[in-house]
Amino acid sequence: MVRIGVLVSGGGTNLQAIIDACRSKKFGAKVVAVISDRKDAFGLQRAKKNKIKNIFIDPKKYDFDKETIGFLEKQKIDLVCLAGFLLKLSKNFVRKYKGRILNIHPALLPKFGGSGMYGMNVHKAVVGAKEKVSGCSVHVVDEKYDHGKVILQKKVKVLKSDTPKTLQKRVLKQEHKLYPAAIKLFIERCL
Ligand code: GRF
């Protein structure tokens, strides 16, 4: 059984999708730790509700990466999943879990990725550029923003009537299918 640690900064709907996928024995993994850099992240409530060990680590008070590594080590984590996690991880963290950190990005990487491209900024940029297609990507995390190998992508049509908000809604729906599928694939092929 692959032990997953999820890092969240917000609502955690992707975390929820991963938790739900783990209910199936065939999935071969379970979420055993949830960490947030924000006290009010709803993702922490989701962890509590599902009786998953969880912790808020205040980056203003602590060395976030060091504390996180400590917590993940204690829970014997095999795979780290970033799900709406907004901090940039240190080189040290990436080296420690090299090739075992995944992230989901709400666009078709390498387009609309990189520094500053997160959350609604991404969808604003996509709509602003009059793209016909957007989507989401799950990729391996390396030391550069949104840069590592892409595991899976799903395309989503951009409608003429789309606002960043309507597009975000449709992309997020696909993210919830894509992330568990990518984790399953990654576990089978790469772990
Ligand atoms: C998602 O769009 C994800 O791709 C991005 O941040 C958003 C987080 O949503 N990285 P949630 O917290 O999983 O609901």
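The values are calculated or read from the model by the stated rules, or taken from the named source; none is laboratory data. Keep in mind that what you see is a predicted model, and the values were worked out from it rather than measured. Cβ sites come from the backbone with ideal geometry, for glycine too, and all protein chains shown count toward neighbours. Areas reflect the complete protein model, heavy atoms only, side chains present, ligands, DNA and RNA absent. Shrake-Rupley method; radii C 1.70, N 1.55, O 1.52, S 1.80 Å.
Among the residues of segment 1-19, the ones that are outside any helix (DSSP H, G or I), of a type in the set (A, V, I, L, M) and either free of Cβ contacts under 8 Å to residues at least 40 places away in the same chain or within 15 Å of the ligand (Cβ to nearest atom) (or both) come to 5 in all. Listed conditions (1) part of a strand (DSSP E or B); (2) more than 27 Å from ILE57 (Cβ to Cβ); (3) within 17 Å of the chain's Cα centre (by Cα) are all met by LEU108, apart from (1). Across segment 119-127, a minimum of one residue is classified as closer than 24 Å to ILE57 by Cβ and either near the ligand (Cβ under 10 Å from one of its atoms) or in contact with a Pro (Cβ under 7 Å, 6 or more places away or on another chain) (or both). Determine which member of the set SER115, SER36 is of a type in the set (Gly, Ala, Ser) and at pLDDT below 95. Of the residues listed, the single one that is of a type in the set (Gly, Ala, Ser) and at pLDDT below 95 is SER115.
Return the only residue of LEU152, LEU172, LEU167, LEU89 being among the hydrophobic types (A, V, I, L, M, F, W, C) and at pLDDT below 95.
LEU89
Taken over segment 124-145, the criterion of being open to solvent by less than 30 Å² (accessible area, probe 1.4 Å) and closer than 27 Å to CYS22 by Cα is satisfied by GLY135, CYS136, SER137, VAL138, HIS139, VAL140, VAL141.
The condition of being assigned to a helix (DSSP H, G or I), surrounded by 19 or more Cβ atoms within 10 Å (Cβ to Cβ) and within 12 Å of the ligand (Cβ to nearest atom) holds for VAL171. Residues that are in contact with an Asp or Glu (Cβ under 7 Å, 6 or more places away or on another chain) and over 17 Å from LYS144 (Cβ atoms) within segment 112-132 comprise just one, VAL127. Does PRO110 count as buried (at least 19 other Cβ atoms within 10 Å of the Cβ), modelled with pLDDT of 95 or more and either more than 23 Å from GLY5 (Cα to Cα) or within 14 Å of the ligand (Cβ to nearest atom) (or both)? No; evaluated as a whole, the condition is false for this residue. When the residues of segment 1-56 are narrowed to those that are charged (D, E, K, R) and within 17 Å of the chain's Cα centre (by Cα), which ends up surrounded by the fewest Cβ atoms within 10 Å (Cβ to Cβ)? It comes out as ASP20. For residues in segment 146-168 being assigned to a helix (DSSP H, G or I) and not hydrophobic (A, V, I, L, M, F, W, C), which is least open to solvent (accessible area, probe 1.4 Å)? Filtering first and then ranking leaves PRO164. Against the numbered list (1) within 15 Å of the ligand (Cβ to nearest atom); (2) aliphatic (A, V, I, L, M); (3) out of contact with any Cys (no Cβ under 6 Å at 6 or more places or on another chain), VAL158 comes up short only at (1).
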